[in-house]
1. Working only within region B:146-182, note down all residues that are of a type in the set (A, V, I, L, M) and either part of a loop (DSSP other than H, G, I, E, B) or free of Cβ contacts under 8 Å to residues at least 12 places away in the same chain (or both).
2. Report the residue count in region A:40-68 for those that are open to solvent by less than 10 Å² (accessible area, probe 1.4 Å), away from ligand 3 (no atom under 13 Å from the Cβ) and more than 14 Å from A:LYS244 (Cα to Cα).
3. Would you check if there is a residue in region A:134-141 being farther than 23 Å from A:VAL52 by Cβ and either facing chain B (nearest Cβ under 9 Å) or under 20 Å from the mean Cα position of the chain (by Cα) (or both)?
4. Output the residues belonging to region A:115-124 that are facing another protein chain (nearest Cβ under 9 Å) and assigned to a helix (DSSP H, G or I).
5. Please go through region A:102-114 and give me each residue that is crowded, with 18+ Cβ neighbours inside 10 Å and within 16 Å of ligand 1 (Cβ to nearest atom), ordered by number.
6. Among the residues that make up region B:362-369, is at least one of them among the aromatic types (Phe, Trp, Tyr), open to solvent by 10 Å² or more (accessible area, probe 1.4 Å), more than 12 Å from the chain's Cα centre (by Cα) and more than 16 Å from B:ARG173 (Cα to Cα)?
7. In the list A:GLN107, A:GLN100, which residue meets the criterion of being in contact with a Lys or Arg (Cβ under 9 Å, 6 or more places away or on another chain) and within 11 Å of chain B (Cβ to nearest Cβ)?
8. So which helices (runs of 4 or more DSSP H) stay within region B:228-308 end to end and still have 3 or more residues that are within 28 Å of the chain's Cα centre (by Cα) and either at pLDDT 90 or above or acidic (Asp, Glu) (or both)?
Amino acid sequence: MRPVNPNGSDTILAIEDLRQYFPIKAGLLQKTVAHVKAVDGVSFTVASGETVGLVGESGSGKTTIGRCIVRLYKPTDGSIHFSMTDGMVDIAQLNRNELQPIRRDIQMLFQDPNSSLNARMRIGDIIAEPLEIHGIGTREERRARVNKLLDQVGLGADMHNRFPHQLSGGQRQRVGVARALSIEPRLVVCDEPVSALDVSVQAQVLNLLADLQQELGLTYIFIAHDLSVVEYISDRVMVMYLGKLMETAPTRKIFERPTHPYTEALLNSIPKRVRGGHRKRFVLTGDIPSPVNPPSGCVFHTRCQYAKDICKTETPALRALPTDPQTQVACHLVEELSLQPYYTADELRNLEADHV
Amino acid sequence: MTNLGGDAGGGRWIRLFGRRKKNADPAARDEYQLMTVRQLMTRKFLRNRMALLSFIALVIIYLSTIFAGFVAPYSARSSDSKLTYSPPMTIRIRDPETGSFHLPFFYPLRGKRNMETFQLEYVEHREKRVPIQFFVKGEPYKALGIIEWDVHLFGSSDPEERLHIMGSDVRGRDLFSRIIFGGQVSLSVGIFGVMITIVVGSVIGTLSGYYGGVFDNVVQRLIETIRSFPQLPLWMALAAAIPPQWPPEWVYAGIVVVLAFINWTGLSREVRGLVLSLKERDYVHAAEASGASTARIVRKHLIPNMASHIIVTATLAVPVTILGESALSFLGIGVRPPMVSWGLLLNDAIKIQNIVLYPWTLFPGLFILVAVIAYNFLGDGLRDMVDPFAR
Ligand SMILES: Nc1ncnc2c1ncn2[C@@H]1O[C@H](COP(=O)(O)OP(=O)(O)OP(=O)(O)O)[C@@H](O)[C@H]1O
Ligand code: SF4
Ligand SMILES: [Mg+2]
């Protein structure tokens, strides 16, 4: 296993002003008539060994960011610096051949295990595929490695010759995990890895991912729709809306003291386990606007209950709070607003008690 | 309970192949979970009785044409000027006069000119009972084009008295034998035409689906242009362009190419659509994210997932090709004599009075019909099989 900084403080990934525009083509000559601005100027860093949650409604561009990082897409603009032994490398600029060694370090875990496993391949071959692509080991060595991986993800060696349709959803996702880990990546982009699974299986797979992270010192970018999944697994959360980051903060802070109106709205959409008293809830209405023509100014202003005139004309930058440099927010009114936390004061006290 | 035997009278023996069982019970589901994709597909196919029957029929027809020299009692060219346009001879096992039973035999036909209509009319020569023999020695031929042999599956025991079970043509050539030999051309045109279709259609379809861009654009416009013509006239125009001085083998190859010229467009579109959808599957993304080459993705992920669709489309394209060859040959712009094909044989029935006087000249049409229908049923059965998970 590669050495990993135990305190997880060095940066493994630094993304700067990432943009991914998809051209919309029309007409006989397939002229580009517009762009889907799926990711529109996103910057963040990920420290080695941490888990960063990436949260947002459907269509906010989470998957697109993930696919840029594993370089399924070549970003339209911006940089993706990834730490290699000889320093940070901007993988956004690399070509196919130059990328090849880096692909061993970054893997992706997909949302739907039905579509992420080729129905015509045996489980053993599926897991061994990355090894085969990189020409690692002999056939026997690869087989031994696959058996070890099967064991690590909690599947029996008898899975080797099975086909995906012979497995349950949870088992299939474990196969996906085994494949992603087969070439010992350092960074894994998990794209909603449990949202297609039964609720009863979700926790098992999340536990597996957490255990493997401990064991192998992995760094996760964990994409989710829903803040509740992310609360469990991530150290830090990034909230995304319409191709832009709205807020990034340590997970606890997000739940205790949201600073962006969109974060507050997402928190309000989580069903409450413990209800403390009566409180008015602000629930998001309307659909997410089209990423082809995003709203001017703050992209969230069309749905924000606090929006003022300035929000329509000026785009708020993602800035660290003066009081708390770990929290970054893109909102004009951060200082003025006092938003509703997810936990009531009572619940917080209970939580504190639990943690001690 | 499902109806075990299917339709009422419908072949009791076929049940052997298609034992049907409702799969509601958990045991059956477990069994399903343990089967491989191939097992699931085979099971699905065996359940489709029409497809299975058609498959058997096609195997028989193809084997007969491959071993045409053996199956046909005569060569395609041997003729008997005394028996021109003789009707099909009746195979009997019972003497109509005495009522006694015999091994299969036939009465030879003797022609007599009807002095009112001047037509040659045939009557059975009841004095002479000619036994029909299996594995009878007859005209020498080359089995599979190499092995010299003279044994035929069946035939007249008397070389002087020819047996025409499906009648004969204008020169007294045995129609059944000619149909069997004609099948070699008609059926192989279908196979070769479809082979070209598969290669050209899959390669172009994969390229335009995977890479898109200008190439795809050009190919799609070309396909639209080709397909905007009605099929038969386009075939005719292209077939007519084959130089008449070409030797028959070349003409045959030319016809194959002409027929494939339209079919590849359909397959290519289908493959393109499949590639467009398959390349967005996450297993392809996973392979790409691991750095798989395009060749590997095509080989490991695209082809295995498209193969069954391609086979189905190809199977359904074979009867179209067979019909195309028949139509062209029937119209006299397909394969040329001395080659024989079903369409060419049917050309004898092109005049309405021939159909009235010699209705047996329509027999080649029956073979075309059977082959075409069988291929369609087979294609349907394969189509069901392609998605073994949909139950
Ligand atoms: N290949 C593509 N071509 C064109 N548009 C795309 C493409 N991929 C994504 N988009 C568009 O970009 C936007 C962001 O998509 P993305 O899949 O990244 O969202 P997401 O946050 O992952 O959503 P979900 O939660 O539904 O997975 C969407 O509007 C989507 O329609
Ligand atoms: S900038 Fe304005 S519109 Fe945007 S989140 Fe803040 S208050 Fe709402
Ligand atoms: Mg997504």
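1. Keep residues of region B:146-182 that are of a type in the set (A, V, I, L, M), which gives B:146-147, B:151, B:153, B:163, B:165-166, B:170, B:175, B:179-180.
If the condition is that a residue be of a type in the set (A, V, I, L, M) and either part of a loop (DSSP other than H, G, I, E, B) or free of Cβ contacts under 8 Å to residues at least 12 places away in the same chain (or both), then B:ILE146, B:ILE147, B:LEU163, B:ILE165, B:MET166, B:VAL170 are the ones that fit.
2. Residues flagged as open to solvent by less than 10 Å² (accessible area, probe 1.4 Å), away from ligand 3 (no atom under 13 Å from the Cβ) and more than 14 Å from A:LYS244 (Cα to Cα) within region A:40-68 amount to 4.
3. We begin by selecting, within region A:134-141, every residue farther than 23 Å from A:VAL52 by Cβ; these are A:134-141.
Then keep just the ones that are either facing chain B (nearest Cβ under 9 Å) or under 20 Å from the mean Cα position of the chain (by Cα) (or both); that gives A:134.
The answer is yes, given that some residue of region A:134-141 is farther than 23 Å from A:VAL52 by Cβ and either facing chain B (nearest Cβ under 9 Å) or under 20 Å from the mean Cα position of the chain (by Cα) (or both).
4. If the condition is that a residue be facing another protein chain (nearest Cβ under 9 Å) and assigned to a helix (DSSP H, G or I), then A:SER115, A:SER116 are the ones that fit.
5. A:MET108, A:LEU109, A:PHE110, A:GLN111, A:ASP112, A:PRO113
6. Step one: filter region B:362-369 for residues among the aromatic types (Phe, Trp, Tyr), giving B:363, B:367.
Subsequent filtering for residues that are open to solvent by 10 Å² or more (accessible area, probe 1.4 Å) retains B:363, B:367.
If we keep only those that are more than 12 Å from the chain's Cα centre (by Cα) too, we end up with B:363.
Next cut, more than 16 Å from B:ARG173 (Cα to Cα) only: none.
No, every residue in region B:362-369 fails to be among the aromatic types (Phe, Trp, Tyr), open to solvent by 10 Å² or more (accessible area, probe 1.4 Å), more than 12 Å from the chain's Cα centre (by Cα) and more than 16 Å from B:ARG173 (Cα to Cα).
7. Working: A:GLN100 fails: in contact with a Lys or Arg (Cβ under 9 Å, 6 or more places away or on another chain).
When all the criteria are applied, what remains is A:GLN107.
8. It comes to B:248-278.
The values are calculated or read from the model by the stated rules, or taken from the named source; none is laboratory data. As the structure is a prediction and not an experimental result, all values here were calculated from the model. Methodologically, a virtual Cβ is constructed for each residue, glycine included, from the backbone with ideal geometry; neighbour enumeration extends over all protein chains shown. Side chains included, ligands, DNA and RNA excluded: accessible areas come from the protein's heavy atoms. Shrake-Rupley method; radii C 1.70, N 1.55, O 1.52, S 1.80 Å.
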